[in-house]
Amino acid sequence: MTDQTAASPRVLVTGGAGYIGSHVLHALTDAGIPAVTIDNLSTGRREAIPAAVPLVEGDMGSAELLDWVMRDHRVDAVMHFAGSIVVPESVVKPLDYYRNNTANSLTLLGACLRAGIDKVVFSSTAAVYGAPESVPIREDAPTVPINPYGASKLMTEQMLRDAGAAHGLRSVILRYFNVAGADPAGRTGQATPVATHLIKVACQALLGRRPPLAIFGTDYDTPDGTCIRDYIHVSDLADAHVLALLHLRRGGESLLLNCGYGRGASVREVVRTLEEVSGEQVPATFADRRPGDPPQLVAGADRIREQLGWVPKHDRLDGIVRSALSWERSLEQSVGQAGALGGSASRS
Ligand code: UD1
């Protein structure tokens with residue numbers, strides 16, 4: 001570890017034990033890019049981190065820890081994932097979200113400036129758009145978040161822009177649409193036991209690990225009455241992060257990019273796809289609309305292809321659903337073998 005640290009700079013990945021962060025660590029490792037991660041393991045899992053990546057277990061809000069890690073590991077760039085991501089929770093605990101997402105990002109950017117680090121790839125979200133009037137949603141659409149989660153991320157975007165203007169910090173802001181699926185090699189996936197994401201919930205319902213899926217709203221103004229989302233495979237998203245890092249390391253300018261395929265699928269389509277993939281019926285009930293759900297969220301997805309040369313490899317819905325199901329089955333086996341998932345071992 002010391003030799004490698006001396007040989008080449010590392011990218012600091014915050015939240016590398018989480019769902020998306022761990023996929024990115026695997027993508028970086030596959031590409032031969034040295035990394036180090038900080039994670040407090042509050043929601044992430046140690047096993048999700050590739051063996052080659054050092055884990056610094058600690059609090060992202062500690063300026064001293066960040067200063068030390070950046071110096072000790074010769075960090076030249078940061079990818080920032082650590083944070084809280086559950087929209088309904090953000091409504092009832094808004095200050096947690098402003099602390100974990102906004103205030104910690106402020107601390108991180110301060111550490112970057114002290115360490116002379118001028119490259120940041122930031123996990124933002126389509127939640128910054130709120131309930132858009134039309135789809136596809138381009139990056140220049142108005143940003144009017146309707147929950148503290150989206151607002152907390154939008155504030156970090158603003159800090160990045162302002163720090164760019166004042167201090168020359170360059171950033172790639174990636175606004176994720178609906179991230180789903182799992183590493184096709186089965187190395188990591190979404191392990192949160194109490195997930196709220198549709199595809200994860202549907203897989204758990206199929207496997208009998210939770211009550212039937214509630215389909216929230218069948219009277220939307222969409223072709224089949226259910227909400228439409230742009231589901232993106234987490235491994236394609238991870239590739240986009242690697243490309244974003246390489247762009248910044250080449251001296252590229254700051255970018256703001258949607259991460260989606262530019263194509264939507266309805267809740268019913270997702271359920272049907274899971275049934276086709278598994279050959280089983282998904283236990284499901286029809287429920288009222290979930291408050292705050294916009295009918296359609298589909299990315300305007302041209303810019304990321306143009307700017308980063310990103311070419312998705314896993315953009316079929318059946319492949320996304322298949323990988324999610326296969327990951328869920330592997331968790332089921334490990335639960336069966338180990339007797340438990342490990343209580344707090346959820347991940348973001
Ligand atoms: C939102 C956020 C996203 C965040 C995610 C998880 C926005 C724009 N996006 O996505 O950034 O990462 O929440 O917190 O705010 N559904 C059901 N039954 C279920 C679960 C979901 O019918 O049990 C439906 C929802 O009504 C929605 C679709 O499936 O129409 C997708 O929902 P979900 O997976 O929770 O993601 P979003 O709410 O779209």
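Just a few scattered comments:
- Residue match in segment 94-112 (condition: within 26 Å of F177 (Cα to Cα) and in a loop (DSSP other than H, G, I, E, B)): no
- Test: residue in segment 68-78 that is in contact with a helix residue (DSSP H, G or I) (Cβ under 9 Å, 6 or more places away or on another chain), assigned to a loop (DSSP other than H, G, I, E, B), within 16 Å of the ligand (Cβ to nearest atom) and within 21 Å of T29 (Cβ to Cβ): no
- For segment 232-252, filtering for residues that are touching an Asp or Glu at 6+ places or on another chain (Cβ under 9 Å), among the hydrophobic types (A, V, I, L, M, F, W, C) and over 19 Å from Y19 (Cβ atoms) leaves 1.
- Some residue of segment 43-59 being surrounded by fewer than 17 Cβ atoms within 10 Å (Cβ to Cβ) and at pLDDT below 95: yes
- Top-ranked residue of segment 113-141 - restricted to ones that are assigned to a strand (DSSP E or B) and away from the ligand (no atom under 16 Å from the Cβ), ranked as surrounded by the fewest Cβ atoms within 10 Å (Cβ to Cβ): K119
- Those residues of segment 169-181 which are within 12 Å of the ligand (Cβ to nearest atom) and in a loop (DSSP other than H, G, I, E, B), in sequence order: F177
- Residue match in segment 143-155 (condition: more than 14 Å from the ligand (Cβ to nearest atom) and closer than 14 Å to S105 by Cα): yes
- Pairs are defined by a Cβ separation below 9 Å, a sequence spacing of at least 6 or placement on different chains, a first member in segment 308-321 that is more than 14 Å from G262 (Cα to Cα) and touching a residue at least 12 places away in the same chain (Cβ under 8 Å), and a second member that is surrounded by fewer than 18 Cβ atoms within 10 Å (Cβ to Cβ) and of a type in the set (D, E, K, R); the pairs so defined are D318/E276; V321/E276.
- Taking segment 79-118 as the range and being within 22 Å of L28 (Cα to Cα), charged (D, E, K, R) and within 19 Å of the chain's Cα centre (by Cα) as the test, no residue passes.
- Top-ranked residue in segment 186-202 [being out of contact with any helix residue (DSSP H, G or I) (no Cβ under 8 Å at 6 or more places or on another chain) and more than 28 Å from L256 (Cα to Cα); ranked as farthest from the ligand (Cβ to nearest atom)]: P193
- Picking from residues in segment 5-42 that are part of a loop (DSSP other than H, G, I, E, B) and buried (at least 24 other Cβ atoms within 10 Å of the Cβ), the one that is nearest to the chain's Cα centre (by Cα) is G18.
- Residue within segment 131-143 that is under 16 Å from Q158 (Cα atoms) and of a type in the set (V, I, T) present: yes
- Filtered residues of segment 78-98 (kept if within 29 Å of V242 (Cβ to Cβ) and surrounded by fewer than 23 Cβ atoms within 10 Å (Cβ to Cβ)): S84, V86, V87
- The residues in segment 182-217 that are part of a loop (DSSP other than H, G, I, E, B), under 22 Å from G150 (Cα atoms) and within 15 Å of the chain's Cα centre (by Cα) can be counted, and the count is 5.
The values are calculated or read from the model by the stated rules, or taken from the named source; none is laboratory data. These numbers were taken from a predicted model, which means no experiment stands behind them. Positions of Cβ are backbone-derived with ideal geometry, glycine not excepted, and every protein chain shown enters the neighbour counts.
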